[in-house]
Every structure is written in C-alpha cells, then in structure tokens.
1. Along the three principal axes, how long is the range A:241-330 when you take its alpha carbons, biggest first, rounded to the nearest angstrom?
2. Given the rule -39500 (n - 2.57) for each run of at least 4 DSSP H residues, summed and divided by the residues of chain B, what is its mean residue ellipticity at 222 nm, to the nearest 500 deg cm²/dmol?
3. Can you pull the mean other chain C-beta count within 10 Å for peptide A:470-483?
4. Considering amide H positions built from the backbone, and no H for Pro or chain starts, which residues 5 or more places from residue A:383, or on another chain, come under 5 Å of its amide H?
5. If you draw the axis that swings chain A onto chain B, which residue of A has its Cβ closest to it, and how far is that in whole Å?
6. Fewest Cβ neighbours within 10 Å first, please rank B:394, B:399 accordingly.
7. For residue B:236, go 7 angstrom from Cα along the Cα-to-Cβ vector, then report the distances to that same point in the other copies in nm, smallest first.
8. Counting only residues 5 or more places away or on other chains, whose amide H sits under 5 Å from the amide H of residue B:344 once H atoms are built in the peptide plane?
There are 2 protein chains.
Amino acid sequence: MRLNYKVIINVLGLLLLLNGAFMLLCIPFTFMENGGDFKDILLAGGITIFSGSALFLSTKNIKNKDLKKKEGYMIVTAGWLIMSAFGTLPYILSGSIPNYTDAFFETLSGFSTTGATILTDIEAVPKGILFWRSLTQWIGGMGIIVLTVAILPILGIGGMQLFVAEAPGISPDKLSPRIKETAKRLWLIYLGLTATEMILLWIGGMTFYDALNHALTTMATGGFSTKNASIAHFTSPFIQYVIVIFMFLAGTNFTMTYFGLHGNFKKVFRNEEFRFYLGFSALFSLIIGFTIYFDSTEPFEQSLREGVFQVVSIITTTGYVTADYTNYDAFITVMIFIMLFFGASAGSTAGGVKLVRHIILIKNSILELKRQIHPSAVIPVRFNGRAVSRDIVFNILAFIMIYISIFAISSVVMATFGVDFMTSVGSVATCLGNVGPGVGSVGPVDNFAHIPMAGKWLLSFLMLLGRLELFTVLILFTPYFWRIY
Amino acid sequence: MRLNYKVIINVLGLLLLLNGAFMLLCIPFTFMENGGDFKDILLAGGITIFSGSALFLSTKNIKNKDLKKKEGYMIVTAGWLIMSAFGTLPYILSGSIPNYTDAFFETLSGFSTTGATILTDIEAVPKGILFWRSLTQWIGGMGIIVLTVAILPILGIGGMQLFVAEAPGISPDKLSPRIKETAKRLWLIYLGLTATEMILLWIGGMTFYDALNHALTTMATGGFSTKNASIAHFTSPFIQYVIVIFMFLAGTNFTMTYFGLHGNFKKVFRNEEFRFYLGFSALFSLIIGFTIYFDSTEPFEQSLREGVFQVVSIITTTGYVTADYTNYDAFITVMIFIMLFFGASAGSTAGGVKLVRHIILIKNSILELKRQIHPSAVIPVRFNGRAVSRDIVFNILAFIMIYISIFAISSVVMATFGVDFMTSVGSVATCLGNVGPGVGSVGPVDNFAHIPMAGKWLLSFLMLLGRLELFTVLILFTPYFWRIY
C-alpha cells in the first residue's frame with residue numbers, strides 16, 4: 001500500500017492554517033511597546049495562512065480520506081516540522097533572530113516544549129514576538145495531549161497503552177468517537193489550569209503579560225520565560241510556589257487531574273505512577289533542599305523552596321530556574337543530570353522517558369532476579385494491580401535502550417563539533433528529554449547561543465525525537481516503513 | 001531447601017589453599033632485590049594456606065556434597081571476596097599498602113581483572129609483591145574462564161547461553177563431564193598464549209620479569225603494569241604491537257581461539273560477535289588514529305599505533321595506556337567514556353557488558369521498529385543464524401538496564417563523597433566495566449589513591465558486581481534467594 005500523500009498534505013495544510021491563526025493572536029501584544037513588530041507578525045501570519053490554505057485547498061476534493069497507521073506516523077513528524085519551519089517567521093521577519101538555524105532551534109524548542117533557548121537577551125525581544133515564543137510551547141502542549149490520547153496508543157508506542165488503560169473512554173484498538181470527547185475534556189483541563197495559574201500569578205504581583213506568558217509555558221512544561229533570569233527574576237515566594245504547584249500539575253497525568261477535579265482522589269492515589277511521581281519529587285526536593293540548607297547561610301524555607309523548585313522543574317521537564325544548581329554540592333549536579341532522564345507522568349505534557357516506563361523497568365529488573373531463581377515460572381510485571389503483557393514490557397525496555405543509545409551516540413557526535421564533555425552530554429540529555437537547561441556550558445544560567453551550528457541542528461533533531469516518543473520519528477528511517485506490500 | 005553451608009565452606013577452603021599456593025609462587029622474585037619481602041610473602045602464604053586447610057578439613061567428611069544452583073551463586077561471590085580478603089596479606093604484611101581499604105581495593109582490582117590502582121609509585125613496590133599483584137589478575141582470569149564455561153550458563157545469566165551454544169562440548173542444561181574437558185582446553189589456551197606473549201615481549205627487549213608480569217596481566221585483560229607510566233614506559237613499537245595483538249586475543253572468545261588454532265577460520269569469521277569485535281576495534285582505532293594524526297605533528301604510524309592501542313586496551317577492558325587520551329580532541333574523551341560500557345567478547349577474560357549483548361540489543365531495537373509496523377507478526381532476533389529465544393533477549397535487555405541503573409545510582413552516590421562530576425561517572429563506569437582507567441581525575445595517567453575511603457569500597461563492590469555479571473551478586477540481596485521452600 002502506498003502512502004496516501006494527499007491526505008497527509010491536507011492535514012498539514014490544516015495545521016498550518018491553525019498555526020497562522022495563532023500567530024495573529026500575538027498582534028495585540030505588539031502594541032504594548034511601540035508596535036514595531038506588528039507588521040512582522042501580520043506578515044508571518046499571512047504567509048503561514050496562505051501556505052496552509054494552498055496545501056489544504058489543493059487536496060480538498062480527494063476521495064480517499066482514509067488515515068492509516070503509516071499516514072499517522074508521517075503526519076505527526078511532518079506536522080511538528082512544518083509548524084516549526086513556518087513558526088520561525090516572526091523571529092526572522094522581525095530580525096529578533098536573524099539566523100535561520102537559531103530561529104529553527106528556538107521554534108522547535110518551543111513546539112517540542114523543551115525550553116532551550118539561543119537568546120542571550122530575552123528582555124530585548126519585542127513583546128509580540130516574545131508572546132509568540134511562549135505560545136509555541138502552549139500549542140506544542142496541546143499537540144502532545146492529542147498525540148497521547150488519540151495517536152500513540154493506536155501506533156502502539158511503548159507504555160502508552162498503560163496510560164490508556166486508565167483513561168476514560170479510550171480503547172487502545174481504534175479511534176472511537178469517545179476519544180474526541182476525551183481529548184476535548186483534557187484540553188479543557190489544560191485551558192482551565194492555564195487560566196487559573198495566570199490569575200494567581202497576576203495576583204501574586206506579575207504583570208498581566210508576564211503572568212500570561214508564564215502560565216502558557218508552565219502548563220506546557222516548556223519553561224520559556226520572558227525574563228533573562230527566568231523565575232529567579234520574581235523573588236516572591238508566592239509566585240515561586242504557585243509555579244511549583246502548576247509545574248507539578250502539568251507533569252501529572254491529565255486523566256488523574258480529571259479524576260481529582262471530580263473528587264475521585266482514591267483513584268488518583270491508587271495510581272502507581274502518580275504515587276511514584278509524588279514520592280520521587282518529595283524525596284529529591286528534601287535531599288537537595290537540606291543539602292542547600294547545610295551548605296549555605298540561607299534560611300530553611302528558602303533552601304527548601306530552592307530545592308523543590310529545581311527538582312519539580314527538572315522532573316516535569318519544564319526547565320525554569322530560580323538558582324544555579326551547578327553551583328551546589330557536586331553530587332547535586334550529578335543527580336540533576338540523571339534526573340534529565342526521568343520525565344514525569346505519561347499523559348501529561350512532560351517530555352522525557354516518563355516515570356511509568358521507569359517503574360516497569362525497575363519492577364522487571366527485580367523480577368528478572370526472581371526469574372533467575374525460578375526459571376520455569378511465569379512471573380509477570382504488575383502495574384496498577386494488573387499484569388502487564390510481555391509485549392508491552394519488551395517494548396518499554398526497547399524504548400529505554402534506544403533512548404540511551406541515542407543519548408550515547410549523539411553525545412559523541414556533539415563532542416566532534418568541538419563541544420566539551422559535560423556540555424555534550426548535558427545538552428544532548430536535556431534536549432532529548434525536552435527539559436531545557438543542562439549541565440556544563442548549557443547550565444541553568446547559560447543558553448545555547450554558543451553551540452556550533454551543526455550542534456544546533458543535532459539538538460533540534462533530538463528535541464523532535466524525544467517529544468515524539470522516538471519510535472514515531474525513527475520508524476520513518478526504516479526500510480519497513482517504506483516497503484510497499 | 002536450606003543452603004548447604006558446609007559444602008560452600010569446603011569449596012571456599014579449597015580456593016584459599018590454592019590462593020596460598022599461588023602466593024608462594026612469588027617467593028623467587030623476592031630475591032631479585034634484597035629479598036626484603038621474602039618473609040612477608042611466606043607469612044601471607046602460610047596464613048592463607050592454614051586458613052584454607054582449616055575450612056577445608058573441618059568440612060571434609062560431610063556426606064551431602066551436592067552443589068545446587070543456590071550454592072553456586074554463593075560460592076562465586078563469596079569465593080571472589082575471600083580470595084581478595086586474604087589476597088591483601090602480602091601488601092599489608094610488607095607495608096607496601098598499609099591501609100586495609102587500599103589493600104582490599106588493589107586486590108579486588110586484581111582478582112576482578114580491573115586494573116584500577118591506588119599505588120602512586122608502582123616502581124617502589126618490592127618485586128615479589130608486585131608479582132603477586134600481577135598474579136592476582138591472572139588468577140582472576142582463570143576464574144572467569146571456569147565461571148563462563150561451567151557456572152554462568154547453568155545459572156542462566158543473560159546472553160551466556162548464546163556463548164555456550166557455540167562452545168564445544170557444553171550443554172547449557174547440566175554440568176556434564178565434558179565441561180571439565182572444555183575448561184581444561186581453554187585453560188591450556190590461556191596458559192599457552194601467556195607463555196607465547198611472555199617470550200615475544202622478552203625478545204622485544206623487556207626484562208624477563210617485566211615480560212612475565214605483563215603477559216600475565218594482558219591475558220587476564222587486567223592491565224596492572226610494573227611501571228608507573230604503564231606501557232608508555234616501553235617505547236618500542238614491537239612491544240606495543242605485541243601487546244595490542246595479545247590484548248585483542250584475550251578479548252576474543254576463547255572458543256574461537258580454539259577453533260582458530262585448529263585451522264577452522266571459517267567458523268571464526270562466521271561468528272557474529274567476532275566480526276563485530278574486529279570491525280568495531282578497527283573502525284574506532286582508525287577514527288582515533290586519524291584524529292591524533294591531524295591534530296598533532298606525530299608521524300602517521302605513531303598516531304595510528306596510539307589509536308589502536310588505546311581502543312583495543314579499553315574495548316578489551318585491559319586498561320594499559322601508552323598515551324593520555326583525555327588530552328586528545330574532546331570527542332575522543334566522550335567516545336572512550338562510552339567505550340567503557342562496551343566490553344569485548346563473551347567467553348573471554350574481558351569484563352563489562354560484552355559485545356554479544358550489544359549486538360542483541362541493537363538488533364532487537366531495530367526489529368522493535370519493524371514490530372511497530374507489523375504488530376501481529378512474530379519477529380525473532382537472529383544471532384549466528386539462529387533465532388534467539390525471547391526469554392534470552394528479555395534477560396539481556398534486563399541485564400543492560402540493571403547495568404545502566406547501577407551506573408547512574410552509583411555515580412550519584414560517588415558524587416556525595418565529594419568527588420567531581422567527571423570523576424564520579426568515570427570511576428564508576430571504569431570499575432563496573434572492569435577496565436581500569438576512567439575519565440576525570442581517574443584518567444589514564446592518574447590513579448585512585450585520592451578517592452575517599454567510602455568511594456573505594458563502593459568501587460570495590462562495583463568491580464565485583466561487574467566481574468560476576470551482576471545477577472550472580474545481586475541475587476544474594478533478594479528475598480527470593482533466601483526464601484526456604
């Protein structure tokens with residue numbers, strides 16, 4: 001069967017139309033200053049809408065509108081790429097980021113909700129453009145929700161079936177009409193939480209503009225800030241705690257949030273991934289908080305706040321910072337580096353490996369020792385009280401192994417571009433995990449501007465890979481995908 | 001069933017007897033200088049033989065001499081530990097290494113064929129003691145051969161069944177009498193290669209003593225040298241090439257060497273692991289060799305020799321050095337760091353993950369993408385032309401995941417002892433992989449003397465874990481092992 005290119009182009013056209021419409025949403029903010037970026041954004045939106053319409057209309061009358069699995073893979077990857085390709089326009093036309101490589105890196109870092117930036121002076125960027133930057137992350141987060149709910153389970157990407165088993169109204173077998181319902185419900189939660197956070201941040205003393213931007217990038221677990229110092233700019237403990245709470249919510253399986261909002265806390269606390277997520281975040285926050293407290297002269301509350309902020313920010317793959325964690329005790333740098341590989345819950349906007357996979361991995365590792373003693377017994381991994389099929393466990397192990405192999409190979413390639421050891425492993429880990437800041441010269445108070453051009457393209461590719469759960473992208477590089485039966 | 005402690009003690013006693021006998025072999029070398037270490041070694045050997053006899057004789061008359069799987073696990077771990085505990089005596093009694101932690105680290109680094117050293121001035125150590133140091137590695141290598149041929153396949157440690165499928169006269173199900181035959185054959189190869197290398201090194205210009213020591217530690221893929229500068233001390237290209245060839249042979253599956261010695265080269269070159277091993281070594285040697293050539297003013301032959309030496313030394317987990325690889329282009333450091341996770345062939349004396357596991361991992365990862373496209377098809381991994389059972393693939397993936405988890409956790413723990421990022425990850429990776437030198441402050445021209453005491457104990461544990469293929473040791477820490485049915 002050949003790929004149905006026309007239907008792919010049709011969907012991509014639709015995505016571009018949406019993308020252009022979102023760009024136009026930035027226009028009001030251009031008038032906050034002298035409106036210098038008004039024309040640039042109008043033009044960018046116009047070009048994008050025009051291109052989208054051309055693609056969409058040229059394929060409007062196709063007869064076969066069937067979307068098969070293969071078209072699904074193609075649309076996901078091509079969709080993220082085409083959104084990013086056109087998403088660079090506001091940066092380029094306004095001259096905020098004149099170089100295409102940089103602009104593409106920044107845009108994909110947005111749509112992939114990574115939050116790595118090449119901007120050395122964020123506050124110098126016009127307000128309309130800066131809003132577009134935050135918006136790309138929020139759009140990316142919306143995209144991830146559809147992806148997780150509607151697409152990945154059907155494609156059978158490792159571990160996502162486990163999430164689906166819990167989600168209301170989703171059958172892993174086919175795209176039932178109820179999936180649309182579920183996606184809408186989760187989008188509503190996403191929208192509602194964003195609005196709530198915005199109001200709280202506004203009350204807390206941020207300007208309306210800053211509150212809106214930070215709410216957008218928190219809920220997407222993106223981490224773009226409108227300030228050069230990220231959240232360290234806002235010294236109010238209230239603001240920092242609000243952001244911690246909403247980062248944590250953004251990293252929570254949205255289905256659990258749905259149950260929570262309906263008062264079904266029993267279901268939430270019975271969910272193994274949520275318990276693990278909560279426990280892990282608390283444990284690491286305490287370890288780092290106490291270490292800061294004993295190593296410094298800071299008051300206890302401040303140390304603990306610094307600890308919990310950095311931990312939740314990294315685990316949820318948001319990437320905001322209120323302190324330079326590479327300045328703490330050396331073991332904290334190592335710990336945070338390893339946390340770049342965690343990721344929060346599946347079914348949230350968080351990137352990275354995801355905790356559910358780690359849970360299956362840990363359980364299976366321990367059980368493998370049991371299997372060693374009882375080689376003939378069938379010993380399944382259990383998750384949320386149910387036995388997990390061997391196929392899924394297998395798929396998850398393969399996922400993690402591919403993840404680590406990509407990390408290793410990319411680190412070497414990165415180093416061949418003349419980047420030092422810690423920066424190589426740090427930048428690769430943070431981009432693949434969609435976190436944002438890394439270790440080395442891409443730490444929490446640095447940026448990616450100095451990375452060589454080839455490195456920026458590599459990191460862009462890694463952001464895409466990580467965001468789309470590896471398989472979705474990698475499969476396009478196999479002969480199996482392109483073989484016609 | 002309770003553990004049969006008596007039979008365990010009996011075997012451990014026998015091991016200690018052997019250990020003491022080996023110590024006495026060092027006596028002749030004490031007379032090379034003023035014989036100052038003669039009495040120390042005699043006393044160490046005496047204590048060890050006496051203790052071994054006590055254990056052995058006290059359990060000589062037991063009726064039930066059955067060795068079951070569980071006793072097997074216990075003997076392997078306890079055996080390596082008790083050998084190391086008594087193996088410290090020559091160092092301690094002679095005062096060469098007065099501190100017990102250091103002495104234990106050095107001895108276990110010997111028996112585990114790691115080659116990490118805490119000695120800051122190797123050449124100041126008396127010749128008899130230094131010979132004991134080399135001998136521990138050679139004994140460790142012998143132990144590994146028995147382990148691989150006779151014990152691991154029965155315990156079902158991941159991937160070892162694949163090696164066994166190729167070995168002559170071994171059935172993975174039970175310890176057949178032919179296994180004894182196979183072990184003897186492989187020991188003969190080990191002994192023969194050691195003798196051959198010694199003669200070649202002697203001809204090449206080393207003293208008899210240096211040639212013997214280096215032959216012992218090459219064939220064990222250990223890497224202890226009698227010189228502070230390791231092999232860089234011997235500038236003769238002939239010597240360096242001889243060592244490269246014998247390191248490569250030591251990292252080759254001994255069964256393949258057996259076939260090779262019988263002229264059956266077809267079988268050797270058909271073996272996938274061997275082809276991968278050869279190809280990988282050649283490729284990486286060329287990459288590093290050419291990089292050195294273009295970055296320096298060295299003649300071409302010297303650059304290539306440096307490249308091949310460092311690569312083969314790391315891949316085979318030997319750990320000799322002729323140059324400081326951390327001084328090369330940054331990407332070489334990253335590449336060598338990642339090579340610490342390779343390991344050479346199963347069925348050799350090399351430590352680490354082993355290439356066969358990486359091959360299965362790579363093949364399975366690619367096939368997992370194929371399975372994604374064809375979810376209902378059964379797509380097995382093939383190795384050496386045969387389909388590998390899903391259980392074995394599963395076990396191998398679990399092995400690698402546990403390996404990486406141990407690496408990650410240990411790196412954090414190491415850093416809490418106040419060790420910097422690169423030294424933490426470097427020391428953990430090199431000890432777990434039984435290589436020797438790492439990156440950071442435990443690089444090729446450094447040593448482990450400055451590592452804090454707790455760190456030395458952690459690294460010692462990792463050397464044991466890595467050498468005994470993880471599962472053998474870890475299983476002792478599970479409730480499943482201790483449960484009585």
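Each value in this text was obtained by applying a stated rule to the coordinates, not by laboratory testing. Just so it is clear, the structure is predicted and the values come from calculations on it, not from any experiment. Neighbour counts are summed over all protein chains in view; Cβ atoms, including those assigned to glycine, are modelled from backbone coordinates with ideal geometry.
1. That gives 43, 21, 20 Å along the principal axes, largest extent first.
2. Working: 23 runs with 309 residues, N = 485.
Rounded to the nearest 500, the figure is -20500 deg cm²/dmol.
3. Details: counts 2, 3, 1, 0, 5, 5, 1, 1, 6, 3, 9, 4, 0, 2.
Across the residues of A:470-483, the mean count of other-chain Cβ atoms within 10 Å is 3.
4. A:388
5. That would be A:397, 2.
6. Numbers: B:394 19, B:399 24.
If I rank by nearby Cβ atoms, fewest first, I get B:394, B:399.
7. Result for residue B:236, in nm, nearest copy first: 7.8.
8. HN-HN under 5 Å from residue B:344: B:351, B:354, B:355.
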